[in-house]
């Protein structure tokens, strides 16, 4: 069971179970997480979610064996073309499509990340794209170590963290491929709060209750407004802002 | 020789040396830096990272205003700087191109005006010696634009940047660290060695991976997030098209 979902009142808790002690992501995890986030978005009774690793790590990286298996048909050019050039031809539940959809799709409801241990590579994309508030334990680490192993893809770009933290820190994580510790992440405003090891989920739950007291419609309007209008001109930003205020 | 260039173990070291300890910048230096950064460093497959330093106690006080004024006084500005009415035609190539190779800016003393253009725009990683002072002091003399050309507005909190723009005062290394503008503050005598340590961290990584990720970040700077996600997603194929890279990635080496 790679993703477990529990709802209590207006708070939905999503726990991630990858493989091994480092909680490496598998295709099944990506598919299930995608489904869980969509379900949370559609669940009218839920207004805030918590995202946490089920084990000692949040997202340690990608399980290379599982990945090799899922992308086995990319051994030849026809397979590669099917995955990247003609994605519409794919089975919608196929790994590559789900992967792409997970890291593009935006929800409108606030999500709190509770991070213990490692948050690497696509975990950073998850952090930047899908989470809005972040609680991390002191042993947490953040970064893109897959770059050291040859990963040339755009996780850093896809994460959208360039718009959330100082560029110098995103550059550090990308160019040195060295993970940064939780204290540095806190200074860089990648995370909101530092807690002791083991306390991230409890703190996230307390914060979730606080967030849940705000009317659900307001939360959605605020999150959508914040995310959507960041790059708009002032006058352009007023239009959705007013529309959201009136809705 | 205003710009020294030296490569060892995939690390390029670029040292700017002016005619005085202030390392004021001249046109000869701009041309040499442009040549070094874009033609030598970014194009050389053997170079994985560069370090940019000023020789001695200062990084650079920026454009040599005395020399510029002297040129205006004798009417030489129009010949040197071209037909533009504004006397100062700052090195356009270097302002519109970006480095895809990581560059570590390592500073001591003054980092002012035109020097901030290099530091802010081209140095992606930053080590500041304790004596570093960053700013746009030319603002006090009525000269406009360096802070915008340097694009430092997106690199530190708005209120702090406005303080620099409105007063022309500098900020020190600690303030720059707190603001996320620099990555580390070290004692002045540790600046070169720490920059080298960081360069070695970068040099351990495959060149193409780092350059591709950095290029995507630069390209994505003003891109809407959905477009950026699509671009990033499609680059995943880079991991598969270059077989050795994919094989390395899937070898399952520990992070």
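The values are calculated or read from the model by the stated rules, or taken from the named source; none is laboratory data. Just so it is clear, the model here is predicted, and its values are computed rather than measured. Please note: Cβ atoms are built from the backbone with ideal geometry, for glycine as well, and neighbour counts cover all protein chains shown.
Taken as a whole, the condition of being closer than 25 Å to residue B:5 by Cα, surrounded by fewer than 22 Cβ atoms within 10 Å (Cβ to Cβ) and at pLDDT below 95 does not apply to residue B:78.
Residue A:187 passes every criterion in (1) crowded, with 24+ Cβ neighbours inside 10 Å; (2) over 19 Å from the mean Cα position of the chain (by Cα); (3) closer than 24 Å to residue B:128 by Cβ apart from (1).
Residues that are free of Cβ contacts under 8 Å to residues at least 60 places away in the same chain, away from chain B (no Cβ under 14 Å) and not in a loop (DSSP other than H, G, I, E, B) within the range A:128-153 comprise just one, A:134.
For the range B:165-173, the criterion of being away from chain A (no Cβ under 14 Å), more than 16 Å from residue B:52 (Cα to Cα), touching a residue at least 40 places away in the same chain (Cβ under 8 Å) and part of a loop (DSSP other than H, G, I, E, B) is met by at least one residue. Restricting A:161, A:157 to residues that are surrounded by 24 or more Cβ atoms within 10 Å (Cβ to Cβ) and facing chain B (nearest Cβ under 8 Å) narrows the list to A:157. Taking the criterion of being within 14 Å of another protein chain (Cβ to nearest Cβ), assigned to a helix (DSSP H, G or I) and loosely packed, with under 13 Cβ neighbours inside 10 Å, the only residue of the range A:212-233 that qualifies is A:226.
When the helices (runs of 4 or more DSSP H) confined to the range B:191-255 are screened for residues that are within 7 Å of chain A (Cβ to nearest Cβ) and modelled with pLDDT under 70, those reaching at least 2 such residues are found at B:238-241, B:243-249.
For the range B:129-158, a residue qualifies if it is closer than 24 Å to residue A:171 by Cα, away from every other protein chain (no Cβ under 14 Å) and in a helix (DSSP H, G or I), and the qualifying residues are B:146, B:147, B:148, B:149. When you scan the range A:164-184, do you find a residue that is farther than 23 Å from residue B:221 by Cα and either away from chain B (no Cβ under 14 Å) or in a loop (DSSP other than H, G, I, E, B) (or both), even just one? Within the range A:164-184, one or more residues are farther than 23 Å from residue B:221 by Cα and either away from chain B (no Cβ under 14 Å) or in a loop (DSSP other than H, G, I, E, B) (or both). Among the residues of the range B:187-211, just one is closer than 23 Å to residue B:120 by Cβ, touching a helix residue (DSSP H, G or I) at 6+ places or on another chain (Cβ under 8 Å) and surrounded by fewer than 21 Cβ atoms within 10 Å (Cβ to Cβ), namely B:201. With respect to the stated conditions, residue A:191 is within 29 Å of residue B:181 (Cα to Cα), touching a residue at least 60 places away in the same chain (Cβ under 8 Å) and within 14 Å of chain B (Cβ to nearest Cβ).
When the strands (runs of 3 or more DSSP E) confined to the range B:1-75 are screened for residues that are exposed (fewer than 15 other Cβ atoms within 10 Å of the Cβ) and modelled with pLDDT of 90 or more, those reaching at least 2 such residues are found at B:3-8. Considering the range A:1-78, the qualifying strands (runs of 3 or more DSSP E), each wholly inside and each with 3 or more residues that are under 24 Å from residue A:206 (Cβ atoms), modelled with pLDDT of 90 or more and out of contact with any helix residue (DSSP H, G or I) (no Cβ under 8 Å at 6 or more places or on another chain), run over A:3-8. Among the residues of the range B:108-128, the ones that are more than 13 Å from every other protein chain (Cβ to nearest Cβ) and assigned to a strand (DSSP E or B) come to 3 in all. Taking the numbered list (1) over 17 Å from the mean Cα position of the chain (by Cα); (2) buried (at least 23 other Cβ atoms within 10 Å of the Cβ) in turn, residue A:170 passes all entries but (1). For the range A:189-196, indicate whether the set of residues that are part of a helix (DSSP H, G or I) and either under 16 Å from residue A:60 (Cα atoms) or out of contact with any helix residue (DSSP H, G or I) (no Cβ under 9 Å at 6 or more places or on another chain) (or both) is non-empty. No, the range A:189-196 contains no residue that is part of a helix (DSSP H, G or I) and either under 16 Å from residue A:60 (Cα atoms) or out of contact with any helix residue (DSSP H, G or I) (no Cβ under 9 Å at 6 or more places or on another chain) (or both). Total residues in the range B:132-153 satisfying the condition of being surrounded by fewer than 17 Cβ atoms within 10 Å (Cβ to Cβ) and in contact with a helix residue (DSSP H, G or I) (Cβ under 7 Å, 6 or more places away or on another chain): the figure is 2.
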